[in-house]
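A short worksheet on the structure shown next.
The values are calculated or read from the model by the stated rules, or taken from the named source; none is laboratory data. Note that the coordinates shown come from a computational prediction; the quantities given were computed from them, not determined experimentally. As a convention, Cβ positions derive from the backbone with ideal geometry for all residues, glycine included, and neighbour counts pool all protein chains shown.
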Amino acid sequence: MLKYCVILVISIFAIAGKACAQVSGSITLASDYSYRGISLSNEQPVAQLNLVYDAPDGWYAGAFGSKVKLTSSDSDGEQILLYSGFSRRLRSGLIWEAGATAALFRKANDLNYGEVFAGLMFDNLSARIYYSPNYIGLNSKTLYMEANADYQLQEHLDLFSHIGWLVYPDGKVGLVNRNRVDLRVGVGSNFSSWKLQLAYSITRPQYSYKTGKYQNNSRNSLVFSASYLF
Amino acid sequence: MKARWSNRLSQFGLCLFLTLTALSGARLASADTAVEQEQNTAKEPEAKRRILVMLHLPAPHFRPDVSYSGGYSNDVSRTARRRIAEELARTHGLKLLEDWPMPVLNVDCFVMEESDALPEEQTIASLSKDARVAWVQTINTFDAQAKSDPLFPVQPANKYWQLDEIRKIATGRNVVVAIIDSGVEIKHPDLAGQISLNQNFIDGNPYVGENHGTGVAGVIAARAGNGVGIEGIAPNTHVMALRACWQEPENKTRCNSFTIGKALNFALTQGVQVINMSLSGPPDRLLKQLLDAAISRNIKIVGAMDPNRADGGFPASHPGVFAVADSKTRLLTNDILVAPGRDIPTTAPGARWSFVSGSSYSAAHISGMMALLSELKPSASLTQIRADMVVNPVNQGDANISGQVNLCATLSKLTSKCACSCHLTAASATAVNQP
């Protein structure tokens with residue numbers, strides 16, 4: 001799997017030579033890998049890498065990698081998230097996008113999952129809906145809906161917020177995992193090529209269903225991340 | 001125990017964040033002081049030997065790495081474009097000065113200063129061949145279209161446009177007019193409360209009220225019924241004062257491609273209905289594209305004709321822009337509008353009023369008219385407005401009537417609302433697009 005990821009990354013740089021195409025990315029050190037309200041790093045610091053290729057016609061593709069630590073130690077390792085999509089700005093300023101992701105866990109293949117998503121953005125607001133036929137190895141269909149907003153406080157300081165809702169549309173009590181609401185509020189700051197973020201995350205399960213393999217303890221947490229952007 | 005490292009990192013992050021925020025605040029405070037110091041020695045922006053280099057600006061999209069909601073103030077891919085721009089500057093012997101994202105055109109606009117070693121044409125040709133560059137252009141200079149002739153006694157335009165009657169059906173309510181010009185005196189007694197937003201797009205040159213911008217704003221939207229000064233054509237309109245031009249010695253007013261581009265880009269994101277551009281210069285690729293984006297959004301762009309340029313100058317010459325002159329001459333084609341522009345009383349900096357002349361103020365009259373039309377018939381297309389524009393016959397004795405736009409008849413024809421003596425007015429006028 002890693003081999004394919006390396007090929008993808010090299011391909012991204014190779015096609016970046018096309019007219020007006022751009023490659024951007026980030027290297028991040030975060031105090032916790034908080035993903036949809038759940039820690040995928042067992043509340044420990046992780047290093048992350050992201051690369052994105054943007055074509056001039058609106059297509060984009062990227063690869064994101066992170067260390068992960070799950071409930072069972074034999075599942076520790078790396079997660080690679082491959083993603084691709086299309087985004088376009090309309091005359092009104094509204095931006096729409098659609099795409100797909102594939103999450104691959106190197107030491108826990110049973111957790112691999114795919115998602116398709118669609119989203120809208122306007123000014124500093126965005127909303128997306130994701131559908132997975134088999135979310136993170138739970139043998140359940142899931143929908144994840146999120147809304148995000150940010151507000152510029154000063155030239156280099158912005159306030160951001162996020163709310164997400166994970167639901168199991170065909171789930172039955174006792175058989176599936178918890179519907180979940182996650183909230184995040186934080187401040188971010190850009191200094192030259194650096195981006196610092198400090199966020200407070202809140203997670204609230206809606207129903208007391210049993211948890212799954214990937215479900216680490218979830219609790220409210222303060223997460224700091226420092227990213228070098230390139 | 002397992003979360004100890006995470007907690008320590010979060011605490012460290014909190015300390016770092018607070019420190020950097022404090023430093024940022026200190027830097028802003030010192031920047032404010034610098035601005036205050038500069039106010040007395042405001043230098044004019046230098047557009048010579050500078051070029052604009054456009055890089056593609058991708059639409060925001062899903063990214064799993066950093067929290068991002070699509071706002072360009074928080075655009076993490078900007079660093080990548082900055083890096084490309086720095087490489088381009090280094091390779092081509094340029095100095096990178098600043099950038100301004102223009103999402104309306106999907107470009108990030110970088111200003112670079114040329115060295116004296118290479119001719120400008122050679123630098124532009126060389127940059128244009130680079131696959132990473134969308135396009136390159138010079139920074140053109142634009143002049144406000146005001147004359148410096150001695151002022152003559154008042155001849156109120158209100159008389160010819162029957163504003164008292166027009167007020168009964170329209171005042172520009174709920175319409176936003178962006179004025180791209182020099183600074184407007186916000187606290188002028190005839191403009192106080194009329195400016196809904198003012199923004200400065202000239203770096204190193206603080207916002208001040210200046211002659212041209214203040215005069216144009218007065219013609220469009222001076223307060224009515226306040227017992228002082230004049231009345232604007234559309235006194236209830238909301239004015240967005242976008243300072244892209246600056247006043248030079250001898251009362252000249254100048255702008256350039258970059259400052260106007262920033263202001264146009266801003267106006268397009270603010271949902272304005274009318275944009276007044278009482279300025280003129282050479283054709284400009286960046287501004288053409290921004291104007292096309294505005295026209296496609298049905299925004300009414302009004303441009304002042306430059307009598308010294310064969311084509312009337314840009315942006316008046318751009319298709320879709322309502323070009324306005326201050327008098328009817330044989331050289332003008334039928335699609336050029338003529339509106340009052342001589343000896344116009346209007347607002348001036350220092351809580352004063354003065355008389356002004358020039359197509360700048362004719363354009364301001366038409367912008368005021370567009371605000372009235374936007375209130376009465378917001379859905380009217382630009383084509384429909386142009387087709388329904390009515391002008392007075394030429395060769396009449398009074399130059400303030402001859403060949404000029406007939407506001408009353410135009411409003412009546414476009415909106416079917418009659419405010420004046422419509423029968424007589426319409427009968428004595430012709431559609432602007434008729435030969």
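Summary of computed values
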item	result
Filter pass, B:G303 being modelled with pLDDT of 95 or more, buried (at least 19 other Cβ atoms within 10 Å of the Cβ) and in contact with a strand residue (DSSP E or B) (Cβ under 9 Å, 6 or more places away or on another chain)	yes
When residues of segment A:35-75 are limited to those that are of a type in the set (A, V, I, L, M) and in a loop (DSSP other than H, G, I, E, B), the one modelled with the highest pLDDT	A:A55
Selection within segment B:90-130 - in contact with a strand residue (DSSP E or B) (Cβ under 8 Å, 6 or more places away or on another chain) and over 30 Å from A:R89 (Cβ atoms)	B:K95, B:E113, B:E114, B:S115, B:E120, B:T123
Matching residues in segment A:95-126 - criterion: being facing chain B (nearest Cβ under 10 Å) and assigned to a loop (DSSP other than H, G, I, E, B)	A:D123, A:N124
Test for B:I336: is it touching a strand residue (DSSP E or B) at 6+ places or on another chain (Cβ under 6 Å) and at pLDDT 95 or above	no
Lone qualifier among B:P206, B:P189 - being touching a helix residue (DSSP H, G or I) at 6+ places or on another chain (Cβ under 6 Å) and surrounded by fewer than 24 Cβ atoms within 10 Å (Cβ to Cβ)	B:P206
Verdict on B:L376 being more than 20 Å from the chain's Cα centre (by Cα) and modelled with pLDDT of 90 or more	yes
Boolean, A:L138 is modelled with pLDDT of 90 or more, hydrophobic (A, V, I, L, M, F, W, C) and over 30 Å from A:R91 (Cβ atoms)	no
Candidate set: segment A:64-80, residues that are under 14 Å from the mean Cα position of the chain (by Cα) and either surrounded by fewer than 19 Cβ atoms within 10 Å (Cβ to Cβ) or of a type in the set (S, T, N, Q) (or both); chosen: the one farthest from the other protein chains (Cβ to nearest Cβ)	A:K67
Test: residue in segment A:91-103 that is at pLDDT below 90, under 27 Å from A:L51 (Cβ atoms) and not hydroxyl-bearing (S, T, Y)	no
Tally, over segment A:191-208, of residues that are more than 8 Å from chain B (Cβ to nearest Cβ), in a strand (DSSP E or B) and modelled with pLDDT under 85	3
Filter result for B:A293 (in contact with a helix residue (DSSP H, G or I) (Cβ under 9 Å, 6 or more places away or on another chain), surrounded by fewer than 24 Cβ atoms within 10 Å (Cβ to Cβ), in contact (Cβ under 8 Å) with a residue 60 or more places away in the chain and among the aliphatic types (A, V, I, L, M))	yes
Residue in segment B:269-277 that is surrounded by 22 or more Cβ atoms within 10 Å (Cβ to Cβ), more than 13 Å from the chain's Cα centre (by Cα) and at pLDDT below 95 present	no
Cβ pairs under 6 Å, 6+ apart, first in segment A:125-137 and under 30 Å from A:Y151 (Cβ atoms), second of a type in the set (V, I, T)	A:Y131/A:V116
Residue list for segment A:138-168, restricted to those being more than 7 Å from chain B (Cβ to nearest Cβ), assigned to a strand (DSSP E or B) and in contact (Cβ under 8 Å) with a residue 24 or more places away in the chain	A:T142, A:L143, A:Y144, A:Y151, A:L153, A:L159, A:S161, A:G164, A:L166, A:V167
Single residue of A:Y228, A:Y144 found to be in contact with a Leu (Cβ under 6 Å, 6 or more places away or on another chain) and at pLDDT 90 or above	A:Y144
